[in-house]
Amino acid sequence: MRELLLRMASKAEEQVRDALGAVKRRDAQAAQHSIERDHEIDELELEIEERAINLLARRQPMATDLRTLVSTLKISNDLERVGDHAVNIAQCAKRLAEALPVPDVGDLDSMADVSTEMLREAIAAFIQRDAELAREVCRRDDQVDRYNDSVFRVMLAEMARNPGAIVAALQMMLVARNLERIADLATNLAEDVIYIVEARTVKHHAEDASYREAEGEFDQ
Amino acid sequence: MPTIRVSADGDAALETRDVHVHYGDAEAIKGITMEIPRNRVVALIGPSGCGKSTLLRCFNRMNDLVPIAKVTGEVLFRGENLYADHVDPVEVRRRIGMVFQKPNPFPKSIYDNVAFGPRLYGRPSDLDDIVERALQQAALWDEVKDRLGHSALGLSGGQQQRLCIARALAVTPEVLLMDEPASALDPIATAKIEELIQQLVEHYTIVIVTHNMQQAARVSHYTAYLYIGELIEYDVTDTIFTAPNEKHTEDYVTGRFG
C-alpha cells in the first residue's frame, strides 16, 4: 500500500513539475502529454481504495495501522486532486501558447517553487513519519496565499494597463489559483501525517478563508 | 501504571488495590490496582497466560476454590474488602456472578436451572416471575417459554450460555463477570451474546475476559491490557484501539505478537 501511495505521489509531483514547465516554455505539446498522463494517477487511486477496503475487511487493523490506512485513503484522494490541478495548469499552458506574452509574472515563479516544495516535503514527512516536517509544511501555506494575492494584483494591473495581455494574464491567475490549491492539498497531506504519527487531528484554519478569498477575487 | 480515574464516570462498582496472586511460588498477578466503573463494560485483554482470567476470578473470590492460589491486597465492593475475614464468599458470588467459557447448565429442566439459585435462598412465592424475568433479561424467554420443563441439555450452545446468564441474573447480582463467554459459540450465537451484553450493562456492571480483540472493541467501554500478570494499560476502549499510549499495547493490538 505504501509503495502504491509513493508511486502515486511521485507521479503527482512529476505532473505538477511538467505542467509548470509547459507554462514557462508555452509548450502546448508537453502540456497535452501531461493531460493525457493524468489517468495513471486516477487508476492508482482506485487501486489504493480497493486494497484499503479489503485490508479493513480482512485484517481489522488497529492503532497505528488503522490510522495509517485511513490516512492513506485520504492522501490518495488529495493526490488525485493534485493531479487534476496539474491538468488545469497544463491547460493554461496550452492557452498561453497561443496568447501574447505577459512581461512580468511577479511572484508566480516563487509561488510555484514553494508549492512544489511543500508537496515534496509533505510526502517526505509521510515517508519518514516526521511530524515536525509536516508542521513546517502547514506553516508555509500562508506564504503561498500571500503570493497568490500578489499575482492577482499584478495581473489585474497588467490587464488594466494592457488589454492585449488579458488572455495571458488570466491564464497566469488561473495557474496561481491552482498552485494555491496544490499548496492546500500539501497541507492536508501534512495534517494526515501528523494524525498518523501523533493520533492528533490538526485543522488548518486559514484553508477555508483563503478558498473563499480566492473565489471572491475571481468574481471581481 | 496508568489507571483511569472512575470519578470522571460515576462511582466504582469494584476496585482492586495492589492485588497479587500466587499459584504456589509462581506470581500470576503482580500488584494490580484498578477500578471497575459502575454500569460499564470493562474488557480484560492480553496474550494467553497474562493473568486475565486469574484477575477476573479475584473479583468474586473464585480463586478460593484453587488450593494453591494465594490472593493478597484488597478487592473493594461497596467500600468493603471482599477478602476480609467476616465476608461470606458465597454471598459474594451471588452479588458478583460469573459466566464461564463452556456453558455449564445443570442436568435439570430449563426452569429448575434458573430457579436453583433463588430456591437456595428460600422458597419465594413469586418463583415463576423470577424465572421469567431472568430468562427475559437473558434474551432467552421467547425461545424457551413453551418448554420450561424440558432438559436444559437439549438447548443449543448459544442458548445454554444464555441460560447460564439467566441463572446468574436470577439471584439479582450487581456485577457480572464473564470469562470468554462466546469463545465456544458460533458467530451468530456470539453476536447474540454481545448484543445481550449491551442490553444488560444498563442494569449491571460487566467485566469480560476475551482473547478476541474485535469483540473487546465492539462491546466494551474500557479495556485493560494485561501482560504476564501486570496491568500495562487501562483506558477508554477507543483510545486503546486507535492510539494506545504504551508501545507494548500497540504491538499487541496490531497483532505484532501474542
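Quick look at the values:
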read-out: Where Rh is the Kirkwood radius over Cα pairs, Rg/Rh for the protein assembly as shown; value: 1.20
read-out: Relative contact order, percent, chain A [alpha-carbon distance under 8 Å, six or more residues apart]; value: 26
read-out: Cα lying deepest toward the dipole's positive end in chain A, options A:T116, A:L69, A:C92, charges on Cβ; value: A:L69
read-out: Estimated distance in nm for a label pair at A:T201 and B:I68, the labels positioned 7 Å out from Cα along Cα-to-Cβ; value: 5.2
read-out: 10 Å Cβ neighbours from other chains, averaged over peptide A:55-67; value: 4
read-out: Average other protein chain Cβ within 10 Å of Cβ, residues B:241-250; value: 3
read-out: Percentage relative contact order, the range B:144-230, counting C-alpha pairs under 8 Å, at least six apart; value: 28
read-out: Magnitude of the charge dipole, the protein assembly as shown, Cβ model with Lys/Arg +1 and Asp/Glu -1, debye to 20; value: 1560
read-out: In the range A:96-200, GluC sites (Glu not before Pro) in a DSSP loop with at most 11 other beta-carbon atoms within 10 Å; value: A:E98
read-out: Loop sites in the range A:59-129: trypsin sites (Lys or Arg not before Pro), DSSP, at most 15 other Cβ within 10 Å; value: A:R129
read-out: Ranked packing of B:153-159, B:198-204, most packed first, by mean Cβ within 10 Å; value: B:153-159, B:198-204
read-out: Taking chain B and dividing mean pair separation by its residue count, relative contact order in percent (alpha carbons under 8 Å, at least six apart); value: 27
read-out: Computed helical MRE - 222 nm, chain B, DSSP H runs ≥ 4 contributing -39500 (n - 2.57), nearest 500; value: -9500 deg cm²/dmol
read-out: Given chain B, longest segment not containing exposed loop trypsin sites (Lys or Arg not before Pro) (DSSP; at most 12 other Cβ within 10 Å); value: B:79-255
read-out: Cα long-axis angle, helix B:127-137 against chain B (0 to 90 degrees, to the nearest 10); value: 50
read-out: Other protein chain Cβ atoms within 10 Å, averaged over every residue that makes up B:201-209; value: 0
read-out: For the range B:11-44 versus the range A:21-87, the gap between their alpha-carbon centres in whole angstrom; value: 49
read-out: Sequence of A:Y195, B:Y252, B:Y121, B:Y23 once ranked by neighbouring C-beta atoms within 10 Å, starting from the fewest; value: B:Y121, B:Y23, A:Y195, B:Y252
read-out: Gyration tensor verdict on chain B (Cα atoms; rounded if a/c is under 1.5, prolate if a/b is larger than b/c, oblate otherwise); value: prolate
read-out: Rounded tilt (10° steps) of A:131-161 against the dominant C-alpha axis of chain A; value: 20
read-out: Other-chain or far-sequence residues with amide H under 5 Å of B:G73's (modelled H); value: B:H20
read-out: Cubic angstrom per residue, convex hull over Cα atoms of chain A; value: 103
read-out: Cβ-Cβ FRET estimate between A:N54 and B:K247, R0 fixed at 25 Å, reported to 0.05; value: 0.35
read-out: Cβ charges +1 (Lys, Arg) and -1 (Asp, Glu), total dipole of the range B:12-253, debye; value: 620
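We did not get these values from a lab; they are worked out from the coordinates using the rules stated. Worth saying up front: this structure is predicted, and the values here are computed from it rather than measured. Neighbour counts run over all protein chains shown; Cβ positions are idealised from the backbone, glycine included.
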